[in-house]
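Student: Sharing a structure with you now.
Read the figures in this text as sums done on the coordinates, not as results from a lab. Fair warning: this is a prediction, and the values are worked out from it, not measured in the lab. For neighbour counting, all protein chains shown are included, and Cβ atoms are generated from backbone atoms with ideal geometry for every residue, glycine included.
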Amino acid sequence: MAIRICFIEDSIEFDGYSPTNRPLDAPQKALAYLSGALALRGHTVSVVNRATLSLVCDDVSWPGQSGEAPAECDLLVAVGDATLLDRVPKAGRKLVWVPGDPAAISPAGPRAEAVARHRPEIVFHSFAQRDRWMNPEGLTVHVISPASAPSYFEDITCVPSIPPRAIAVCHPLGGLERIVRLWADHVQPAVPDAELHIHSARLDRAIVSGEVPSDLVAIHDLVRTTVGAIVQRPVADPQLADAYRAARVFLHPGRHDEAMALNLMEAQACGLPAVAFGEGPLSRERVVDGQTGFIRYGEEAFAEAAVTLLKDEAAWRAMSDRARELLRGRTWAIAAMEWEEKFA
């Protein structure tokens, strides 16, 4: 049954066209793609956020900053902030879709009053994220995994570059130092011509401007002095997919506080095997160890797996093909069906 769905989000300026035009963080990409996938299934969908212009993309209405939220809807989804639920007076069903740290909806958090008043259902991106929340209010909780965008499913053969390339896409203060140090100590000596491409907006800005924020000085200096480490400016999904197809391994820090690890899914969907630290529980949700990548504990074991994928053509090809095979089924159309089954 088709329903009226309204998403409300209050982070940055973006709209449904943004993921193919500029880099976006995972929660914003997820909203853009999921809303479009739900509209294509016949639902009436609007996204109220900080979009500059009022527009329609893939049948989704984006009212923009000058527009208004609808007066009523069947399903109201606040992204991260339960206080946003106040903006639609009449909603049949209310959800909070948690993009990151579950502490945002904790009893001690700034939005606790809105959570207690609305008693929304909660949607998490992963079981690892859900398990960090105590649910003191006894709210109904759902876990719906995100998906990969169409750019990562293009039927294009992966052709690794020469010299061999590894890719890391993570916040410079979110485990990157560990990746770079093990690269310098273990990987680069074993594969002297290999390159480590680090996609980071903050590091790129610091290098281009010459102005390094105080919190980035240590990692900035480490990257600049590490042989083979190259900082790349983040790009939109189509260009990032091309970068994945030219690499041999995706290096992931596997932190305990991860919520989505969407880039880890996208890389494997493209055919780029991953090596992820297993200390982070979300790594174990996103990587099929020995098939789509390697889950490893400790720097030496991690580095050994990375070296294998950088040097061993047969091992890389088998794992690349398997990653594409297993991850191709997780599209936003499938995710939209799961949302529909639960909430429509």
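Student: Which whole-number percentage describes the relative contact order of region 151-327, with Cα contacts under 8 Å and a sequence gap of 6 or more?
Tutor: 25
Student: Once each part is reduced to its C-alpha centroid, what is the distance from region 274-344 to region 1-57 in angstrom?
Tutor: Centre-to-centre distance over Cα atoms comes out at 27 Å.
Student: What's the local net charge at A259, with K and R +1, D and E -1, over the other residues with C-beta under 13 Å away?
Tutor: Numbers: positive: R130, R132, R255, R286; negative: D25, D101, D131, D257, E258, E285.
That works out to -2.
Student: Something else about it: For D257 and R93 in the same chain, what is the full-extension length gain: residue separation times 0.36 nm, less their Cα-Cα distance, in nm? Intermediate values should be presented prior to the final figure.
Tutor: Working: separation 164, 0.36 × 164 = 59.04 nm, distance 2.88 nm.
Using 0.36 nm per residue and subtracting the Cα-Cα distance, I get 56.2 nm.
Student: Same structure again: Taking 0.36 nm per intervening residue step and subtracting the Cα-Cα distance, what contour gain separates Q291 from A108 on full extension? Before the final figure, lay out the partial values.
Tutor: Values: separation 183, 0.36 × 183 = 65.88 nm, distance 4.13 nm.
Between Q291 and A108, full extension yields 61.7 nm more.
Student: Can you give the calculated 222 nm mean residue ellipticity of the chain, where each DSSP H run of n ≥ 4 adds -39,500 (n - 2.57) and the sum is split over every residue, rounded to the nearest 500 deg cm²/dmol? All intermediate terms of the calculation are to be shown ahead of the outcome.
Tutor: Numbers: 12 runs with 114 residues, N = 344.
When only DSSP H runs of four or more count, the value is -9500 deg cm²/dmol.
Student: For q = 0.25, 0.29 Å⁻¹, what log10 I(q)/I(0) does region 1-67 give under the Debye formula with an equal point scatterer on each alpha carbon and no solvent?
Tutor: -1.09, -1.41
Student: Would you please classify the overall shape of region 16-55 from the alpha carbon gyration tensor, given that a ≥ b ≥ c denote the square roots of the eigenvalues, rounded means a/c under 1.5, and beyond that prolate means a/b larger than b/c while oblate covers the rest?
Tutor: On the way: a/c = 1.99, a/b = 1.36, b/c = 1.46.
It is oblate, given that a/c is not under 1.5 and a/b is not larger than b/c.
Student: If R0 is 56 Å, what FRET efficiency do you get for E304 and A71 from their C-beta distance, rounded to 0.05?
Tutor: Details: r = 59 Å, r/R0 = 1.06.
That gives a FRET efficiency of 0.40.
Student: On to the next question. Quick check: Cα centre of region 60-76 to Cα centre of region 207-271, how many Å?
Tutor: 35
Student: With each label point set 7 Å from Cα along the Cα-Cβ vector, what nm distance links D312 and D86?
Tutor: Modelled inter-label distance: 5.8 nm.
Student: Hey, another quick one. Near A26, within a Cβ-to-Cβ distance under 15 Å, what is the net charge of the other residues, with Lys and Arg +1 and Asp and Glu -1?
Tutor: Numbers: positive: R22, K29, R255, R286, R330; negative: E9, D25, D101, D237, D257, E258, E266, E285.
Once positives and negatives cancel, what remains is -3.
Student: Here is a follow-up. Beyond 34 Å, what share of the Cα-Cα pairs of the chain remains, rounded to the nearest whole percent? Provide the component values of the computation, followed by the final result.
Tutor: On the way: 16066 of 58996 pairs.
Counting pairs separated by more than 34 Å, the tail of P(r) holds 27 percent.
Student: Please find the FRET efficiency linking R181 to V235, where r is the Cβ-Cβ separation and R0 is fixed at 25 Å, and quote it to the nearest 0.05. Don't skip to the end; give the middle numbers.
Tutor: On the way: r = 26 Å, r/R0 = 1.03.
Efficiency, rounded to the nearest 0.05: 0.45.
Student: Provide the net charge surrounding W62, with neighbours chosen by a C-beta distance below 12 Å and charges set as Lys +1, Arg +1, Asp -1, Glu -1. Intermediate results must be reported in sequence, preceding the final value.
Tutor: On the way: positive: R50; negative: E9, E13, D15, D58, D59.
Here the count lands on -4.
Student: Binned at 10 Å from 0, what are the whole-percent values of the Cα-Cα distance distribution for region 54-103, short to long?
Tutor: 23, 48, 27, 2
Student: Additional query: Debye calculation, C-alpha points only, no solvent: report log10 I(q)/I(0) for region 153-251 at q = 0.12, 0.13 Å⁻¹, in the same order as the q values.
Tutor: Calculated log10 I(q)/I(0) at the listed q: -0.39, -0.45.
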